[in-house]
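Everything on this sheet refers to the single structure shown next.
All of the numbers you see were taken from the coordinates with simple rules; none came from a lab. Note that the structure is predicted; figures quoted are calculated from it, not measured. So basically every Cβ, Gly included, is an ideal-geometry build from the backbone, and we count neighbours across all protein chains shown.
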Amino acid sequence: MNYIYDIILNFNKLYYDFYEWKDNDNILNFRKIPLFRISDKDYMCYKYDDIRFDGKFLKIINGYSCLVNSNTEIVAFLVSNSKEVMGIKIDNDGNIIGKSSLLIDEEEEILDDVSGLNINRIDYSIIKKNDRNIFVPRIINDKRKYLIDFFNNNSDINVYRYIYYDFYEKEENDIVKIKKKLFGIFNCKWNNECDKLYNNIREFSNSR
């Protein structure tokens, strides 16, 4: 097994480039982590789809990744197709629960060496195949989550009526119609209307 030493990873449910990392993310410093070279096809599946790895693979890598100054057990490894390098974090059932890009300099160092490795075929199943043609920046995902959380945590009908009036500049008393219209804005592809609704709700929340 091949290893990489002293590397920083930032696992999120979705893959984000390093420039989308946030200061409050749970950045992990690995003292040691396994590295596998895989095919382009497998790399793209790992990057975008919902994946579960075979139990035999779990036994192979379990216990081989170590954090700096921590005894926390994390099942993680690196994969590369000789063009990119990505960190993968899995649970005890083999499901991918975190994906991480790398800092540019650390990725370049690994790419210098990975071309000399043999391509590994790791058994896995695709639980859900996701659309790879739709790239959603992290900031958009965060804004959409904010709106979902706001409406899930507010049951006050008057709040809905106020938000509706603030957005459409007209009154509406039918709460079913209000929810349908407001939810329909951000459940579609993100656009200027979504930004307007997000900004209006942030302003409303900050004023309370």
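Remarks
- Eligible lysines near K56 by straight Cα distance, threshold 18 Å, same-chain separation 8 or greater: K89
- Counted charge near N187, where neighbours are those whose Cβ lies closer than 12 Å (Asp, Glu -1; Lys, Arg +1): +4
- Among I139, F151, N120 - extreme Cα towards positive end, dipole of the range 109-180, charges at beta-carbon: F151
- Ranking N173, F18, N192 by how far each Cα lies toward the positive end of the dipole of the chain (charges on Cβ) leaves N173 at the top.
- Total charge dipole magnitude, the range 151-202, about the Cα centre, Cβ charges on Lys, Arg, Asp, Glu only, Debye to nearest 20: 200 debye
- Those aspartates and glutamates that a straight Cα-Cα span of less than 17 Å connects to K170, excepting residues fewer than 8 apart in one chain: E193
- Calculated [222 nm] ellipticity per residue, helices only, for the chain: -12000 deg cm²/dmol; basis is -39500 (n - 2.57) per DSSP H run with n ≥ 4, divided by all residues, nearest 500.
- In summary, the aspartates and glutamates within cross-link reach of K196, defined as a Cα separation below 12 angstrom excluding same-chain residues under 8 places away, comprise D166.
- One entry in (i) 1, 7, 15, 19, 20, 17, 12, 6, 2, 1, 0; (ii) 1, 6, 13, 15, 15, 11, 9, 8, 8, 6, 4, 2, 0, 0; (iii) 1, 6, 11, 12, 10, 7, 7, 6, 5, 5, 5, 5, 6, 6, 4, 3, 1, 0, 0 is P(r) over Cα pairs in 5 Å bins from 0, in percent calculated from the shown coordinates; its label is (ii).
- For the range 100-208: rounded, prolate or oblate by the Cα gyration tensor [a/c cutoff 1.5]: prolate
- Structure remark: mean-square fluctuation, Gaussian network model of the chain, C-alpha springs under 10 Å; the largest value among S115, S101, S155 belongs to S155.
- Helix 192-207 vs. the chain, principal-axis angle (Cα, 0 to 90°, nearest 10): 80 degrees
- For the chain, the share of DSSP beta bridges that are antiparallel, to the nearest 5, is 85%.
- Across the range 138-207, C-alpha contacts under 8 Å between residues 6 or more apart give a mean separation that, scaled by the residue count, equals a relative contact order of 32 percent.
- GNM flexibility winner over the chain from I126, I148, I110 (Cα, springs under 10 Å): I148
- Across the range 37-193, the mean sequence separation of Cα contacts (distance under 8 Å, 6 or more residues apart), normalised by length, yields a relative contact order of 23 percent.
- Around G87: net Lys/Arg minus Asp/Glu count, Cβ-Cβ under 12 Å: 0
- Sites matching trypsin sites (Lys or Arg not before Pro) across the range 101-141 that sit in DSSP coil, with at most 12 neighbouring C-beta atoms within 10 Å: R121, K129, R132
- Separation between Cα centres of the range 149-208 and the range 57-87, rounded to whole Å: 42 Å
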